[in-house]
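To keep things clear, I will list the structure first and then write my remarks on it.
None of the figures in this text is laboratory data; all of them are computed from the coordinates on show. The structure displayed is predicted, hence computed values, not measured ones. Quick reminder, even Gly has a Cβ in these numbers, built from the backbone with ideal geometry, and neighbours come from all protein chains shown.
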Amino acid sequence: GAVVSQHPSWVICKSGTSVKIECRSLDFQATTMFWYRQFPKQSLMLMATSNEGSKATYEQGVEKDKFLINHASLTLSTLTVTSAHPEDSSFYICSAEGSNNSPLHFGNGTRLTVT
Amino acid sequence: LAKTTQPISMDSYEGQEVNITCSHNNIATNDYITWYQQFPSQGPRFIIQGYKTKVTNEVASLFIPADRKSSTLSLPRVSLSDTAVYYCLVVAGAGSSNTGKLIFGQGTTLQVKP
């Protein structure tokens, strides 16, 4: 089945630094990828839609300059949390869409802790 | 995208059949329904999706009435490992500007007891 790989699975960084999270579709081409954030005991919140070769579309309230998204190829999207602060600590999850009407497949998430 | 409503939590015992119902009154003609399962600290895992009537796969069944304003996920003979959060989502079909976009509600936390 379709596999989405996310890396790293966890990261600890100091406040003020930037962290890059990678999302790869391993066995299919993903024209569209989605980035979510999930706080403890809460549901997933959609942050942005990443389209290959074009700018990402951010959901209302998500700072595009803080959460930089790059989708340079059909198999890779990256999310960079810039100038991270403790309130950015969360579980970040990506998903990828293959063909129309095929189910979205999710990565296993990245646990970010900012100290 | 149509909003979904489902129970916050459910309890069951091993070996029982569990039915989780989700309402989506504003579902559009081209939308379809999909269900995901999530364990702690993992990404959601696809369970099943359907457009109408009944869909069955190796892990679950999905029942969708004719008006499509609700759907029921049926898990046969649950085990302890089925303890998880289950999300019901409405997905915009092909041709929509929201195609593929999944908006998660609160989900149903299923607790399976021995």
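Condition (residue is within 12 Å of chain B (Cβ to nearest Cβ), touching a Gly at 6+ places or on another chain (Cβ under 6 Å), surrounded by 15 or more Cβ atoms within 10 Å (Cβ to Cβ) and not aliphatic (A, V, I, L, M)) applied to the range A:48-59: is it met by at least one residue?
no
Do we find that B:Ser79 is over 16 Å from B:Thr4 (Cβ atoms) and not aromatic (Phe, Trp, Tyr) in this structure?
Against the criterion (over 16 Å from B:Thr4 (Cβ atoms) and not aromatic (Phe, Trp, Tyr)), B:Ser79 qualifies.
Please determine, by comparing only the residues of the range A:78-115 that are within 18 Å of A:Met45 (Cα to Cα) and among the small types (Gly, Ala, Ser), which one is farthest from the other protein chains (Cβ to nearest Cβ).
So, considering only residues that are within 18 Å of A:Met45 (Cα to Cα) and among the small types (Gly, Ala, Ser), the one farthest from the other protein chains (Cβ to nearest Cβ) is A:Ser89.
Hand me the list of strands (runs of 3 or more DSSP E) wholly inside the range A:1-84 holding 2 or more residues that are more than 15 Å from the chain's Cα centre (by Cα) and either more than 17 Å from A:Ser95 (Cβ to Cβ) or touching a residue at least 24 places away in the same chain (Cβ under 8 Å) (or both).
Strands (runs of 3 or more DSSP E) meeting the threshold: A:10-13.
If A:Ile21 satisfies all but one of (1) buried (at least 17 other Cβ atoms within 10 Å of the Cβ); (2) of a type outside the set (Gly, Ala, Ser); (3) within 12 Å of another protein chain (Cβ to nearest Cβ), what's the number of the condition it fails?
Result: A:Ile21 passes all but (3).
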